[in-house]
1. Name the pairs: first residue in region 488-507 and more than 13 Å from S424 (Cβ to Cβ), second residue open to solvent by less than 70 Å² (accessible area, probe 1.4 Å) and at pLDDT below 90, Cβ to Cβ under 6 Å, at least 6 apart or on different chains?
2. Can we say R356 is under 30 Å from E537 (Cα atoms) and part of a loop (DSSP other than H, G, I, E, B)?
3. Across region 449-485, what is the total count of residues that are under 22 Å from S532 (Cβ atoms) and aliphatic (A, V, I, L, M)?
4. Go through (1) at pLDDT 85 or above; (2) among the polar types (S, T, N, Q); (3) open to solvent by less than 20 Å² (accessible area, probe 1.4 Å); (4) more than 30 Å from R629 (Cβ to Cβ) and name the single condition Q649 misses.
5. Going by what's in this entry, would Y409 be described as of a type in the set (F, W, Y) and either in contact with a strand residue (DSSP E or B) (Cβ under 9 Å, 6 or more places away or on another chain) or under 30 Å from L554 (Cα atoms) (or both)?
6. Considering (1) closer than 16 Å to N339 by Cβ; (2) buried (at least 17 other Cβ atoms within 10 Å of the Cβ); (3) at pLDDT 85 or above, say which one H252 fails and leave the rest.
7. Find the residue count for region 88-122, including only residues that are of a type in the set (V, I, T), in contact with a strand residue (DSSP E or B) (Cβ under 8 Å, 6 or more places away or on another chain) and more than 24 Å from L540 (Cβ to Cβ).
8. Anything in region 513-530 that is farther than 30 Å from Y409 by Cβ and surrounded by fewer than 19 Cβ atoms within 10 Å (Cβ to Cβ)? List them, or say none.
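The values are calculated or read from the model by the stated rules, or taken from the named source; none is laboratory data. Bear in mind that the values here come from a model prediction, so they are computed numbers and not experimental data. With ideal geometry, Cβ positions are generated from the backbone for all residues, glycine too; neighbour counts draw on all protein chains shown. Areas reflect the complete protein model, heavy atoms only, side chains present, ligands, DNA and RNA absent. Shrake-Rupley method; radii C 1.70, N 1.55, O 1.52, S 1.80 Å.
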Amino acid sequence: MSDSSTPQLAIRQVSTTPTRKRPGKCRTIHLLLRLLNIAAPDDLESPRYPRPTTLLERQLDRKLEEYDEWNTRLFNDLTLVGDDDPSFVRHNPKMERLPDEPMYHPAFEKAKTECQQIIRNITKRLQADEDTQLSASLRLRLDYAYRIFQSDQKYVGFLGQTGQGKSTLLGVLLGNTDLTVKSSCGESVTRLPLVYSQSRGSADTAKYEAELEMCNPRTCRDSIRTHVDNVLASLEKYDQGLHTDNQDQGDHSREILKGLFSDRPEFASDAALDEYLRSGSKEGNIYDELSQWVEERRRHVRDTTSRCFHAPTPTELMTTLAPFADLESFTPESKWPFNASSLVAKIHIFAELRLRLTFGDFPGLGDINKDRETKTRRQIEQCNVVVIVEDVNRACSSQFLDECLKEQYRRRPHQKVIVVLTKSEKDFDVNNRLNLAFDAAELEQLEYLKLRKEEISRQKQALHFRQYEKRQRLTYEAKWIELAEKEIFVRERSGRSEKKLKERYTTISNGGELSIFSVSAADYEKNLKGYSQMDDEPPLSAKATGIPDLMYELAKIPHEQVQDDMVQFFETTFPELLSSVELACTAPSMDVKPKIKYDFEDVVEAFKSQVDDSLRTLEEAEIIPFHSRVREFIPGWGQSAHILCAKWQDWHPASVRAFLAKRGSHRTRKVGTASWNEELLGIAQEDLDPAFWHLERRIRPWAVRLRATICGKVDAFIEQLRDEVSDLNSAAFVENVKKKRSSLINSFAFIEESIRKFLRQVNGQATNDGHGDFFSSAMTDIYQQAQKTTRKPYKDSAMQIFEDGVCATGGPFDAIPEGIEEAWRDHRTKVLDKAMAHFGLVIHEIQRGYNKLANKHEKKQPEVSQVRKDLVQMVRDARKKCDGEILGWLLEAGLDPNLGKRRKV
């Protein structure tokens, strides 16, 4: 011990008892004098160390009390391990704060669960019946009613560079980390878009589902050409004795081709593949041959796979999906003798999620594999919210983040943008406070923690090395002090980074606001799994990880849609379903064909003709003028392309040759991407983006007119049908038809949103440099012609051919309006077919009721079966619940179904 005259921090007496020490007499006197605003006498001893924030001191003292209590309990019972360990803690995500909206009220969940349970009970009772005709007639209606809660979920896409923690972050947001794939080595493990939505299955389906979406033929063809060109470019450099960064891209493409054609001898080894590509490129037919082979594989996967998978656990589901998502190394024991992942556009997974949102885990932008970036950009166009993920340590100087924010603001202003800074728990030096912006309270806390650590160090030095229990207690106290320091540094860095990013974004967006969150998904995951406070290094607290705040922000997105769905379900869908079940069960189905007095086929054709005419009106008024405007832009694009070609003409011949050989897209692991196509398309984007926005705004007035027309025709149809059956005992039938009015109208309600999504998607295909996109596909032949020139000097000759091809009439810029026109024709047909399919289903149900009503007066009906009686009773009970407890729960949650909006509570 030092001399008593030397000022120093007093050493606390180490105690192993759980009793709490009372504050010293001098400290109490100081507090009283401070409250009375009286100066303390000079001879009164000062407090041992600066006063900390009360909450911080209490938290640390509470940890010591818990430690003493655990020691006592563990000493008396050595069998306390795992969850029985009193020091073991696990975070409960259900305790986190949620928005004050009806959908997050417990009563709302009760009402939703009860409605779904009624549908499950009816489905279960129906399956026990041998009347397959009754089961078939009601099953589609039951499935539709059950899935209304999962319809058109808001789409939140996660994008970022490879290795920034997108999948780890998404795993904790989903509430199931086994559904995502993670890597700790910085390599890309998300090879294609993985989309997650709320479970849509009923009681008889597996808990986890997945669907495959295959790439279209044009995308596969362009992808193969790109990989072949990458390999040939790397071989050319190798033959010249040059080892450049082209080798990375060529090696990657070589592995893709070997996996896709692994069953062919030409791709059995690197040497065989190189020889095949060299000889094939000379003959000139290699692209057509490979395109034919890849189309055969695409059709084989499509025809031999159900493209819908079910599994009881997430691990089994991801194991089943591994060959399609390239989640594991390709092995000969796989279902196909080749790697099928290159042929899949996306995988859609359905499971129970924490939030009613659709989440997208996309491959990293800037990936050396252009296939992955193409698939990512096509998904981004469909998102309602885009979450940009970046490492917090480089966010303030991230060029990638700047470019993403600029592109989002310029090209997709309708999308909400959230920036998430990951790995907030890493790379700290608590001893370095240079250039850090702590406030006064944080500085006081840090000073207190520093002095308290020094005091612990002195106490440990004063203890004998055999005083293990006391030394262990001091070590435990130091561990939590270090965690408290870390959380203060986390808050400071997060606040500093968020402030800088918001200032930068204000400049980009002319005053726009940006939502930024700093998170630690890894530490939050540790909190979810649980840890022992006695033995383990404690992670950041769940609140300090930032995940609860991000969850709160995401939870605000879907509430309006979910509440509207519930109101629609309670007011329309559910009563209509119960009426359909009751009507179908009042009498058995008849095989005798009645004398039809009303032609329902004419009704379907009349509505189809009306919708088709409305789509043609939209086409003539908006789509065709839009195509004309796009064609007017082409001459200006050509002039700007001349300027770009002149710039590239000054490049070194080796660089020109590399870009021509690789179809204008130069990608390496270090550089990321540089593309001539993207620069050429940047010219078109400035004109096309505003034109598409204007066209999308014009869809709304047309959709309002279409709905008004449909409503009028539906009302006329119901009135006419009521008059037709007026001479029959048709009260139940007429009531059922009236309840189907909303279903008839809603058969066409999706058309507006479908056209909006189509315009966003086709805008991406028209202005992006991806496989299968309009401009990039048309540029392929131009690059090939320029590369094969034999005139000297090579660079001047090749660039002249390239410039003439790009700017010529009928060139790649003309492919943009042609591609838009073709895509619109296909989409118009699909929209009409989908609308009439649903409309026809509802009309078929009405027709069955009409036929049954007509048969009732022509032939004596047999006795109603027991299952039909049971279903009728279940319908009556369900109606009582709807008018009673279900309505009460909705009112308790603050949702008034009769008004269709939130009540003021």
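1. Listed pairs, sorted by first residue: K500/C396; K502/L514; Y505/L405; Y505/L514.
2. no
3. Keep residues of region 449-485 that are under 22 Å from S532 (Cβ atoms), which gives 456, 468-485.
Pick out the ones that are also aliphatic (A, V, I, L, M) and you get 456, 474, 478, 481, 483-484.
Number satisfying all stated conditions: 6.
4. Only one criterion is unmet by Q649, namely (3).
5. On the way: of a type in the set (F, W, Y): yes; either in contact with a strand residue (DSSP E or B) (Cβ under 9 Å, 6 or more places away or on another chain) or under 30 Å from L554 (Cα atoms) (or both): yes.
It is true that Y409 is of a type in the set (F, W, Y) and either in contact with a strand residue (DSSP E or B) (Cβ under 9 Å, 6 or more places away or on another chain) or under 30 Å from L554 (Cα atoms) (or both).
6. (3)
7. Qualifying residue count, region 88-122: 0.
8. Result: L528, K529, G530.
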